[in-house]
Amino acid sequence: MSVLKTQEKLKQPRDLYFCCSIFTFVGLAYYGMKLVLLLFLAEQVSKGGLGLTPAESASMLASFLAWTYFSPVIGGWVSDRFLGPKNCIILGMLMVSIGYFLGYIANSKMDINIMIFLSGLGIGFYKGNLHTMVGNLYTNDDPRKDGAFSITYMATNLGTLFGPLICGLVANEWFAMKSGLSISMYGYRYVFLFSSITVLIGLFFFIFGNRKFYKPLNNDPINGRESIRKSLEYKKMLASRPLTLIEKKRIIVILVLAFFTVFFWIAYNQASMSIALYTKEHINLTIGNFQIPTSWIDSYNGLLCVILGPISALVWVKLSQTKKGDLSVPKKMSLGFILLAIAFLFMIVAVIQTGTDPNSIHKASVFWVVGFLTFQSIGEICFSPVGYGMVNKLSPEKYISLLMGVWFLGKFAANKLSGYTQAIIDQLGMLQVFIVIPSFLLIFGIILLIMNKKLVELSN
């Protein structure tokens, strides 16, 4: 009987899967739209694009990606001081739906800039606050919390897996105009319409399902369970209350670990940058008579995250039941650094086999890239989801959504800095850089292990 009770306690609450459904809705729309945005901007007008130069198109896409990782700070601040997570999510999803629709009717660069601003701001309003709502389902010492964020990560990556696939079909098949086998008009605009409708459906599901399927542990005003008047009074009280010494120490832990995330994501981003370019030129993507589309690389990463999310959730819970207990967050993040370093070993072998001459006829096997992506994804699962749980656990209540936004700044900085890697590769050479990156990853992983004891002490 006691075993059954223990198992029951370790089950994730139904409310978590409601939150996961929202992650999937917004992820499906975002990752599908993001894939098409650059193509839409750069494609000639006669074929359904805006006809911007490649440089202009790449710059606008980079601005959009950077904005989506900076705006959660704004959304977090508004949530903590004024609206609360639930209302911010509603407002954010509405802005995103409208923003994507503006992409559908856009006819100029200005129209796209407005779309980028509105949808990027909307993403900032729901991104961190969705994670806050997940965290509110658990006590800080609940062994299920890290696993819960791994499952939400899986739900998000369902969008990474299916978004590019569906939106590729929308643009190139279902709404494209063809002359024989060639496409005379791409259906890019309908991708934005699809994304807008997808987010809108998710918004309605969130609004009407929230009362029935979401019940946080603490029914305090910040979760929208009291009147608006009481909620505002509660927020004013929180804002005026000074931080305790323990809360200040925990904020330090969050900021230290956020600093480390920058270097993880710089290395991680090479999958869609330098490694993607190398794959295009030097990897044999043919298996039998089948040519593997380069875009499937992103889908493979999404597939692995979908599979690994529940597995890691189970592993963390099982570890919590052992004598030594679950691994600390710094140890898990250190493991992520080490696994990502191992991933680069596959690329080193591939480059040694082929060299870097683009005119070389010798190509490496696609399985080297598969090996890289496999270890990269395992490292990602060890690193990224546990960070969300850590921020939710350690953040003072008055800053919980704001600090979740700050956590996303690590990705913002990494996205801005990742672009410089290609310039370094051009100077030093691809092989040298592929050796340097895992070396630094191992160093950061070891530093985290050394700091683990101190960071755990500051967290308690």
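We did not get these values from a lab; they are worked out from the coordinates using the rules stated. Since the structure is predicted, the reported quantities are computational estimates derived from the model, not experimental observations. Positions of Cβ are generated from backbone atoms using ideal geometry, with glycine treated the same way; all protein chains shown enter the neighbour counts.
Have a look at the chain and give its Rg and Dmax from the Cα atoms, expressed in angstrom.
22.6, 71
Modelled label-to-label distance, residue 255 and residue 280, 7 Å Cα→beta-carbon offset: nm?
Calculated label separation equals 4.1 nm.
Provide 440, 213, 337, 208 in ascending order of the number of other Cβ atoms located within 10 Å of each residue's Cβ, fewest first. Don't skip to the end; give the middle numbers.
Numbers: 440 14, 213 17, 337 27, 208 10.
Ordered by Cβ neighbours within 10 Å, fewest first: 208, 440, 213, 337.
Could you tell me the relative contact order of the chain? Use alpha-carbon pairs under 8 Å, at least six residues apart, and round to a whole percent. Could the numbers behind the result be given before it?
Values: 735 pairs, mean separation 112.0, N = 460.
Relative contact order, the chain: 24 percent.
With equal scatterers on the alpha carbons only and no solvent term, can you work out the Debye log10 of I(q)/I(0) for region 10-129 at 0.18 1/Å?
Here log10 of I(q) over I(0) equals -0.91.
Could you check how many percent of all C-alpha pairs in region 80-152 are farther apart than 14 Å? Write down the numbers at each step before the final one.
Values: 1705 of 2628 pairs.
Value for region 80-152: 65 percent of Cα pairs lie more than 14 Å apart.
Taking only DSSP H segments of four or more residues, each worth -39500 (n - 2.57), what value at 222 nm results for the chain once the sum is divided by all its residues, to the nearest 500 deg cm²/dmol? All intermediate terms of the calculation are to be shown ahead of the outcome.
Working: 15 runs with 348 residues, N = 460.
Calculated mean residue ellipticity at 222 nm is -26500 deg cm²/dmol.
Please order 418, 328 by the number of other Cβ within 10 Å, starting at the fewest. Can you show the working numbers first?
On the way: 418 21, 328 18.
So the ranking, lowest neighbour count to highest, is 328, 418.
Under the Kirkwood approximation for Rh and a Cα-based Rg, what ratio Rg/Rh is obtained for region 14-241? Spell out each step's value before the answer.
Details: Rg = 19.2 Å, Rh = 18.5 Å.
My calculation puts Rg/Rh at 1.04.
For each of 281, 380, count neighbouring Cβ atoms within 10 Å of the residue's Cβ, then give the residues from fewest to most. Let's see the in-between values first.
Details: 281 13, 380 24.
Starting with the residue having the fewest Cβ neighbours, the order is 281, 380.
Given all pairs of different Cα atoms, what value in angstroms does the Kirkwood hydrodynamic radius of region 243-460 take? Could the numbers behind the result be given before it?
On the way: mean 1/r = 0.0537 Å⁻¹.
Result for region 243-460 stands at 18.6 Å.
So what is the relative contact order of region 14-241, in percent, for Cα pairs below 8 Å that sit 6 or more residues apart?
Values: 354 pairs, mean separation 76.4, N = 228.
Relative CO of region 14-241 lands at 34 percent.
Mean shadow of region 331-460, computed from the convex hull of its alpha carbons, in nm²?
On the way: hull surface 36.3 nm².
So the Cα hull casts an average projection of 9.1 nm².
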